[in-house]
Amino acid sequence: MRSMMRNFNIKFPLLVLVLLPGLAYAHVGVEHVSGWLAGIQHPFSGLDHLCAMVAVGLWARQTGGRTLWALPLTFVSVMALGGVLGMMAISLPFIEGGILLSLLILGFLVAFSIQLPLIASAAIVGMFALFHGYAHGAEMPHSISGLVYALGFMLATLILHVMGIATASGLVKIGRPQWLRLTGALITMFGGTLYFVG
């Protein structure tokens with residue numbers, strides 16, 4: 001039973017990534033679905049968002065202690081604020097650059113297993129959450145409820161954080177922490193590729 005759970009912790013997040021449609025960098029239109037589903041779909045609709053949110057979960061598990069849940073909760077809370085700013089079309093500079101920087105920095109933190117004080121870790125995560133939230137809010141279809149849409153993307157983000165935590169836990173349990181660091185390096189490389197290609 002323990003072996004089955006260990007395999008589940010590793011394979012489930014990978015299975016979700018393989019089966020989810022529309023994981024292209026460009027965000028797809030979701031006007032035809034309800035606000036709730038549109039909100040849930042949006043974080044999964046771009047690898048930039050997906051990788052950053054999984055990275056938060058990876059780093060939270062890697063750091064451990066109070067950061068395990070403090071970082072995901074900080075990200076989701078600040079992301080909601082960013083979403084409101086985006087829905088209200090309040091100008092915020094450096095959105096795309098901030099999203100790409102989140103991949104570079106969060107991936108780097110995981111790759112080198114960097115431990116920081118809780119306040120510093122939360123500040124980093126919160127800053128990047130503002131950019132991601134703004135992008136979610138700015139891309140909200142006009143025909144749906146902002147509140148329902150926000151609840152959807154907040155739930156999806158928590159799911160991605162939990163996937164990151166579960167993946168990191170599984171890799172640690174099977175004695176492969178180096179794979180966890182490799183995942184962080186790949187996220188950083190992906191962010192760098194998007195920066196130079198985009």
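The values are calculated or read from the model by the stated rules, or taken from the named source; none is laboratory data. Remember, it's a predicted structure, so these values are computed and weren't measured experimentally. Backbone-built Cβ (ideal geometry, glycine too); neighbour counts: all protein chains shown.
Annotations
- Just one of (1) under 23 Å from Ser169 (Cβ atoms); (2) in contact (Cβ under 8 Å) with a residue 12 or more places away in the chain fails for Gly64. It is (2).
- Check on Leu103, more than 15 Å from Gly164 (Cβ to Cβ), at pLDDT 80 or above and touching a helix residue (DSSP H, G or I) at 6+ places or on another chain (Cβ under 9 Å): no
- Residue list for the range 123-150, restricted to those being buried (at least 17 other Cβ atoms within 10 Å of the Cβ), more than 14 Å from the chain's Cα centre (by Cα) and in a helix (DSSP H, G or I): Gly137, Ala138, Gly146, Tyr149, Ala150
- Of the residues screened, Ser77 is one that is surrounded by fewer than 22 Cβ atoms within 10 Å (Cβ to Cβ), modelled with pLDDT of 85 or more and small (Gly, Ala, Ser).
- Restricting the first member to the range 179-198 and to residues that are at pLDDT below 95, and the second to residues that are outside any helix (DSSP H, G or I), the beta-carbon pairs closer than 7 Å and six or more apart or on different chains are Leu194/Tyr25.
- Taking the numbered list (1) in a helix (DSSP H, G or I); (2) hydroxyl-bearing (Ser, Thr, Tyr); (3) over 15 Å from the mean Cα position of the chain (by Cα) in turn, Ser91 passes all entries but (1).
- Search result, residues across the range 112-122 that are surrounded by fewer than 22 Cβ atoms within 10 Å (Cβ to Cβ) and within 16 Å of the chain's Cα centre (by Cα): Ala122
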